[in-house]
1. Filter segment 315-335 down to residues that are over 22 Å from Val256 (Cβ atoms) and surrounded by 14 or more Cβ atoms within 10 Å (Cβ to Cβ) and give me whichever is modelled with the highest pLDDT.
2. Can you name the residue in segment 95-146 that is assigned to a strand (DSSP E or B), touching a residue at least 12 places away in the same chain (Cβ under 8 Å) and among the basic types (Lys, Arg) and is also surrounded by the fewest Cβ atoms within 10 Å (Cβ to Cβ) among such residues?
3. In this structure, is Arg247 farther than 22 Å from Ile221 by Cα and of a type in the set (Lys, Arg)?
4. What is the one condition in (1) farther than 13 Å from Val131 by Cα; (2) buried (at least 18 other Cβ atoms within 10 Å of the Cβ) that Tyr50 does not satisfy?
5. Among the residues of segment 49-60, count how many are touching a strand residue (DSSP E or B) at 6+ places or on another chain (Cβ under 7 Å) and outside any loop (DSSP other than H, G, I, E, B).
6. Name the residue that is nearest to Thr51 (Cα to Cα), counting only residues in segment 128-167 that are at pLDDT 90 or above and hydroxyl-bearing (Ser, Thr, Tyr).
7. Look at Ala84 and say whether it is of a type in the set (A, V, I, L, M, F, W, C), exposed (fewer than 11 other Cβ atoms within 10 Å of the Cβ) and on the phi < 0 side of the Ramachandran plot.
8. Report the residue count in segment 55-108 for those that are in contact with a Cys (Cβ under 9 Å, 6 or more places away or on another chain) and within 17 Å of Asp45 (Cα to Cα).
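The values are calculated or read from the model by the stated rules, or taken from the named source; none is laboratory data. Everything numeric here is computed off the predicted structure, so don't read it as measured data. With ideal geometry, Cβ positions are generated from the backbone for all residues, glycine too; neighbour counts draw on all protein chains shown.
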Amino acid sequence: MVRPSGRRANAAQARPLGARLRGVDAETLFRWIADRTPTMIWTADAAGRYTFFNRARLRFTGRSLDAELGDGWMERVHREDRSAYLQSHEHAVRAGVPFTAEYRLRRRDGCYRWVLHHGQPWKIGDKPGFVGSCLDFTERKCEEERFRARLRELADHLEAAREEERSTVAREIHDELGQTLTALKMEIGRAIPFIRRGPAVDRLQSMVGLCELAIQAVQRIASRLRSPVLDHLGLAEAVSWEAAAFRARTGIRCRVAAAGDTTALSTDQQLVVFRILQEALTNVARHADASAVSIRIREDRRRFELLVRDNGRGISPEELAGPESFGILGMRERAAAIGGALTIGGRPGRGTHVVVQVPLAREGRRRG
């Protein structure tokens with residue numbers, strides 16, 4: 001028996017399919033094709049109500065098409081993810097633009113799986129709406145989470161090592177260099193009475209003044225590296241001390257309002273909050289063009305809050321999201337490392353505010 005050539009064989013195989021689909025409308029043809037693809041596919045009308053799910057999606061959820069249509073499919077979406085999805089979906093429907101969302105979808109076996117949900121506007125015939133797909137990417141999502149966790153661990157380790165190094169350097173500067181300069185100042189002072197009056201005495205007096213300036217610089221640098229006030233007197237006193245130093249250094253008025261002199265934050269959390277305060281004040285001095293800053297510390301049984309507000313030019317959304325905003329990124333990472341959150345906002349000509357919020361454990365809280 002002679003078999004037809006490749007081209008004839010393909011034509012022979014295609015004829016039955018063409019015969020079956022001849023005269024079929026575009027929507028029926030689309031659904032026929034969608035039901036034969038392994039990817040989860042859906043369509044929605046112009047109002048955003050879902051009008052079709054293919055067989056792959058129905059096999060995934062284990063539900064009937066009637067149960068999934070409209071908003072019924074949302075019953076399978078994890079409650080914590082519904083709000084974020086609806087926000088992006090409703091915006092896309094109003095604006096008529098593509099959208100992408102991630103959420104957890106309950107599989108037929110009861111397990112929640114992460115899916116990547118993508119949709120875009122389309123028109124089939126004279127019916128406008130949306131068409132899209134869902135991809136189960138749980139393994140990739142878990143791998144990303146593990147990677148992020150490792151990065152956080154590395155960042156925490158580096159931050160701890162940096163603070164330890166700062167503490168060591170601060171002690172060495174204060175104890176060794178500071179003491180050496182103090183001894184030098186005293187020796188020069190003792191030598192002055194034994195020298196006759198003249199240019200030499202004036203030079204020695206000038207050297208004493210320079211030693212005093214160097215001692216003050218050593219104390220200032222050591223304090224910036226590691227605040228002794230924070231270590232010995234706690235966060236509230238350290239904030240007040242830092243505000244006074246900022247006012248003396250920049251001439252910008254700085255007012256502090258603190259409810260109490262103790263806190264439920266751990267020692268490590270206090271240090272992180274203090275570093276965020278230092279970075280916020282540095283940003284005010286460099287960029288805000290402000291004449292006054294207010295710092296407020298509040299704490300109740302559930303939450304600690306630090307607010308830094310200035311009356312400067314106000315940070316713009318572009319500056320907040322800019323690729324060079326490493327200081328802001330660093331503050332966010334510091335806050336996240338202690339289980340907190342950082343919020344920054346501003347209005348043109350109305351100043352900028354930085355808010356650090358840290359939830360407090362109900363049990364086992366340590367006061368410092």
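1. The extreme case among them is Arg332.
2. Looking at residues that are assigned to a strand (DSSP E or B), touching a residue at least 12 places away in the same chain (Cβ under 8 Å) and among the basic types (Lys, Arg), I get Lys127.
3. no
4. (1)
5. The total comes to 7.
6. The qualifying residue nearest to Thr51 (Cα to Cα) is Ser133.
7. no
8. Result for segment 55-108: 0.
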